[in-house]
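Student: So that we are looking at the same thing, I have put the structure below in structure tokens.
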Amino acid sequence: MGKIWVLAEQSHGEPATVSLELLTAARGFDADVQAVTWGAGASDAAAKLGEYGAVKVFDAGDLGESLPGPRVSAAIASLIESEGAPDALLVGQTYDGRDVAGRLSVRIDRPLLTNVVGLARQDGSFVSEHAIFGGTQVLNAKFTGDGPGIFVIRAKSFAAEPAGGSVPEVVSIEAPDTGRSDGARVKARHEEERSGPQLDEAEVVVSGGRGLGAAEDYAMIEELAKLLKGAAGASRAIVDAGWVPYSHQVGQTGKTVKPTVYIACGISGATQHMVGMKSAKNIIAINKDESAPIFSIADLGVVGDVHKVLPKLIEAIKAKQ
Amino acid sequence: MNVAVCVKQIPDPAGELSLDPSTNTLVREGKLILDDSDSYGVEMALQLAESAGGGDVTLISMAPNGETSGLRTALAMGAAGAVLVSDDALAGSDALGTARVLAAVVQRIQPDLVLAATESTDGYTGTTPVQLAELLGWPSVTFAKHVEVTPDSVAVRRQTEAGYDEVTSPLPAVVTVTAGVVEPRYPSFKGIMAARSKPVEELTVSDLGIDVSRVGWAGARQEVVSVQAAEERQSGEIVTDEGDAHEKIVGYLERIKVL
């Protein structure tokens, strides 16, 4: 039986949701599922990683002020030498996940596939699924050379389901000093207070686009999101315009969300946006332009001005609460 | 301070995009434009060079058919020159192959800092800059939302899930810039005229001493298995707001038990 490694990110001992999603996906293949983790509190994360299917956890330890990219990729490369290569390495497409996967691909000289939204095994090869052209087409790809295949997988591609696994064996591994490539130092970490859920984990997402007209009007989006205990998202257009930070962006170059309801306000529905939200269970769209593409996928479409509809909607919801 | 900016010239994303049926890769014939995502890196580079008291901003690009139209846009913004790698042998290159080419150019021009976007708009693999850094043996700081330089270091506010980290790195380094963090300048008429005569050095794979088997189709070591139409999502009810559309939305939210 082969093995699959999952790069398991964690913060304060709590595994990232995407890592639990990948462990769940890895369990679907006939292979031992093993996790590679790092950082302060990593050993606390082990029990939960086991619950989701990891039978062994390799812990590269606290990296201090180092960024994960250089040292974790070096740790995985030496783990491949000592333990043998896994059939596949699954990495969440996160800020740090991309850094680790990119550096590892150079270190072990293997290509990688990113923006993966599904994974299957056909005739012994892993075949990845990718949503292209705004999610209107599905592309399947595979590696042709020697493994291990590095698959960088978008969050929300799989549902995270616990398997009731026991506490796994934790093996400490070394995260080597990589010299000059490890020159960057994290001097301070700022955690912004968030009143609601994380964007890609929220059951309700309210997003704003160009139709808001001005950066100040994004406050309406935040207020509605808060009232519905949801998260505030954004189209690429207003992120590019500097109205809101990149971390709010929904779409191809941002986050994928799959909430119970997605409320698109003043978003026309460029293909690059729709690929990130079209899997929402319910979609409500408000846009002035009746020919906006977003209406083609909306369960409820309101042709109207967000500046008129949103204040009334906010008042009506407040009145109910 | 000499800054190099990796810029991609892409098919206009607002136009009809298609896959070449024989290769299943994006059709890149016809005019290419500067990827909007890269305009932030170009602007950032111009500002950093200026704040450091001078230095050149050089563009690095890899594109088919000697394409320079996107480069001219960035040159018109104020970049001093460009290095373009164009070679039929590069068709089909993946992110790693592309990073090899960019690394060879960086080694040739030896900038103090390399900037890039977090990902391109057309391929959006999102790993080329960090692969470039690893090939060079350089540090990298990805997802920068604010960048400052001193003569021998760069200080970055790096986007994280929870907020941001303050990261410093010695130079040379690779930094990726998130969109929207600076306002790209519009090229002036004078800038556009000047851009026409700015130097664009065109190189091939052999000029850079790269083994052709490490780039292009052969280097990519991956293939498209199939492409099919995705399941379509149907549209539902569309109403025109007559002053009461908010009630419709409330009703809908109640039905799905969000309210």
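Student: From the set of residues in segment B:164-196 that are free of Cβ contacts under 8 Å to residues at least 12 places away in the same chain and either under 27 Å from B:T98 (Cα atoms) or facing another protein chain (nearest Cβ under 10 Å) (or both), which is most open to solvent (accessible area, probe 1.4 Å)?
Tutor: B:E166
Student: Another question about this same structure. Test A:L119 against the stated conditions and say whether it is at pLDDT 95 or above, within 10 Å of chain B (Cβ to nearest Cβ) and open to solvent by less than 40 Å² (accessible area, probe 1.4 Å).
Tutor: No: the conditions fail for A:L119.
Student: While we're looking at this one, here's another question. Assuming A:I317 fulfils every condition listed in (1) without any contact (Cβ under 8 Å) to a residue 24 or more places away in the chain; (2) more than 28 Å from B:E161 (Cα to Cα); (3) of a type in the set (V, I, T) apart from one, which condition is it?
Tutor: (1)
Student: Please state which of the following conditions A:G233 fails to meet, knowing it meets all the rest: (1) without any contact (Cβ under 8 Å) to a residue 12 or more places away in the chain; (2) more than 9 Å from chain B (Cβ to nearest Cβ).
Tutor: If we test A:G233 against (1) without any contact (Cβ under 8 Å) to a residue 12 or more places away in the chain; (2) more than 9 Å from chain B (Cβ to nearest Cβ), just (1) comes out false.
Student: Here's something else I'd like to know. Out of A:D305, A:D299, I need the residue that is open to solvent by 10 Å² or more (accessible area, probe 1.4 Å), over 31 Å from the mean Cα position of the chain (by Cα) and not small (G, A, S). Which one?
Tutor: A:D305
Student: Name every residue in segment A:132-153 that is open to solvent by less than 60 Å² (accessible area, probe 1.4 Å), outside any strand (DSSP E or B) and either closer than 19 Å to B:Q131 by Cβ or outside the structural domain of A:S43 (by TED's automatic domain parsing) (or both), in order of residue number.
Tutor: Within segment A:132-153, A:G145, A:G147, A:P148 qualify.
Student: Which residues, counting only those in segment B:99-121, are open to solvent by 30 Å² or more (accessible area, probe 1.4 Å) and either within 13 Å of chain A (Cβ to nearest Cβ) or at positive phi (or both)?
Tutor: B:R100, B:Q110
Student: Something else now. Being in contact with a Gly (Cβ under 6 Å, 6 or more places away or on another chain), modelled with pLDDT of 95 or more and either in the same structural domain as A:L139 (by TED's automatic domain parsing) or open to solvent by 10 Å² or more (accessible area, probe 1.4 Å) (or both) is the requirement here; does A:G211 meet it?
Tutor: yes
Student: Name every residue in segment B:1-18 that is out of contact with any Lys or Arg (no Cβ under 9 Å at 6 or more places or on another chain), hydrophobic (A, V, I, L, M, F, W, C) and closer than 30 Å to A:Q137 by Cα, in order of residue number.
Tutor: Of everything in segment B:1-18, those that are out of contact with any Lys or Arg (no Cβ under 9 Å at 6 or more places or on another chain), hydrophobic (A, V, I, L, M, F, W, C) and closer than 30 Å to A:Q137 by Cα turn out to be B:C6, B:V7, B:A14, B:L17.
Student: Within segment B:20-35, does at least one residue satisfy the condition of being part of a helix (DSSP H, G or I) and either open to solvent by 10 Å² or more (accessible area, probe 1.4 Å) or under 15 Å from B:K8 (Cβ atoms) (or both)?
Tutor: no
Student: Could you list, ordered by first residue, the pairs with Cβ atoms under 8 Å in which the first is in segment A:252-269 and in the same structural domain as A:G97 (by TED's automatic domain parsing) and basic (K, R) and the second is part of a strand (DSSP E or B) and modelled with pLDDT under 95, at least 6 apart or interchain?
Tutor: none
Student: Is segment B:125-137 home to any residue that is over 18 Å from the mean Cα position of the chain (by Cα) and buried (at least 24 other Cβ atoms within 10 Å of the Cβ)?
Tutor: No, that holds for no residue.
Student: Among (1) surrounded by fewer than 19 Cβ atoms within 10 Å (Cβ to Cβ); (2) more than 23 Å from B:A95 (Cβ to Cβ); (3) facing chain A (nearest Cβ under 7 Å), where does B:I249 come up short?
Tutor: (1)
Student: Residue check: is A:I238 outside any strand (DSSP E or B), open to solvent by less than 10 Å² (accessible area, probe 1.4 Å), within 14 Å of chain B (Cβ to nearest Cβ) and modelled with pLDDT of 95 or more?
Tutor: yes
Student: Another question about this same structure. So, in segment B:224-242, how many residues would count as being surrounded by 13 or more Cβ atoms within 10 Å (Cβ to Cβ), free of Cβ contacts under 8 Å to residues at least 60 places away in the same chain and more than 30 Å from A:C265 (Cα to Cα)?
Tutor: Residues in segment B:224-242 being surrounded by 13 or more Cβ atoms within 10 Å (Cβ to Cβ), free of Cβ contacts under 8 Å to residues at least 60 places away in the same chain and more than 30 Å from A:C265 (Cα to Cα): 1 in total.
Student: Being facing chain B (nearest Cβ under 7 Å) and under 14 Å from A:A225 (Cα atoms) is the filter here; which residues of segment A:290-315 pass it?
Tutor: A:L313 - this is the single residue of segment A:290-315 that is facing chain B (nearest Cβ under 7 Å) and under 14 Å from A:A225 (Cα atoms).
Student: Among (1) open to solvent by less than 40 Å² (accessible area, probe 1.4 Å); (2) modelled with pLDDT of 95 or more, there is one condition A:K48 misses while meeting the rest; what is its number?
Tutor: The number of the failed condition is (1).
Student: If you don't mind, another one. From the list A:L89, A:L79, which residue is surrounded by 18 or more Cβ atoms within 10 Å (Cβ to Cβ) and either under 18 Å from A:A25 (Cα atoms) or not assigned by TED's automatic domain parsing to the domain that holds A:Q34 (or both)?
Tutor: A:L89
Student: Quick check, is B:L75 farther than 17 Å from B:T118 by Cα and not in a loop (DSSP other than H, G, I, E, B)?
Tutor: Here the answer is yes, as B:L75 does meet what is asked.
Results for (1) away from chain B (no Cβ under 13 Å); (2) closer than 30 Å to B:L19 by Cβ; (3) touching an Asp or Glu at 6+ places or on another chain (Cβ under 6 Å), shown as yes or no for each residue.
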{"position": "A:L104", "(1), (2), (3)": "no, yes, no"}
{"position": "A:N140", "(1), (2), (3)": "no, yes, yes"}
{"position": "A:F151", "(1), (2), (3)": "no, yes, no"}
{"position": "A:S157", "(1), (2), (3)": "yes, yes, no"}
{"position": "A:V171", "(1), (2), (3)": "yes, no, no"}
{"position": "A:R185", "(1), (2), (3)": "no, no, yes"}
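Student: Going residue by residue through segment B:133-140, is there one that turns out to be more than 28 Å from A:G134 (Cβ to Cβ) and either of a type in the set (V, I, T) or assigned to a strand (DSSP E or B) (or both)?
Tutor: For segment B:133-140, residues more than 28 Å from A:G134 (Cβ to Cβ) and either of a type in the set (V, I, T) or assigned to a strand (DSSP E or B) (or both): present.
Student: Kindly state which helices (runs of 4 or more DSSP H) lie completely within segment B:145-259 and contain at least 1 residues that are of a type in the set (D, E).
Tutor: The qualifying helices (runs of 4 or more DSSP H) are B:245-255.
Student: Within the bounds of segment A:115-126, is there any residue that is within 21 Å of A:S66 (Cβ to Cβ) and not acidic (D, E)?
Tutor: no
Student: Can you find, within segment A:190-207, the residue that is nearest to A:K255 (Cα to Cα) among those that are at the interface with chain B (Cβ under 9 Å from one of its Cβ atoms) and assigned to a strand (DSSP E or B)?
Tutor: Ranking the candidates gives A:V204 first.
Student: Just to be sure before I move on: is B:Q159 among the polar types (S, T, N, Q) and either under 30 Å from A:R210 (Cα atoms) or within 19 Å of the chain's Cα centre (by Cα) (or both) in the structure I sent?
Tutor: Criteria met by B:Q159.
Student: May I pose another question? Can you confirm whether A:I283 is in contact (Cβ under 8 Å) with a residue 60 or more places away in the chain, of a type outside the set (D, E) and at the interface with another protein chain (Cβ under 9 Å from one of its Cβ atoms)?
Tutor: no
The values are calculated or read from the model by the stated rules, or taken from the named source; none is laboratory data. Nothing here was measured: the structure is a model prediction, and the numbers come from that model. Every residue, glycine among them, receives a Cβ derived from its backbone with ideal geometry; neighbour counts consider all protein chains shown. Only protein heavy atoms, including side chains, enter the accessible area calculation; ligands, DNA and RNA are left aside. Shrake-Rupley method; radii C 1.70, N 1.55, O 1.52, S 1.80 Å.
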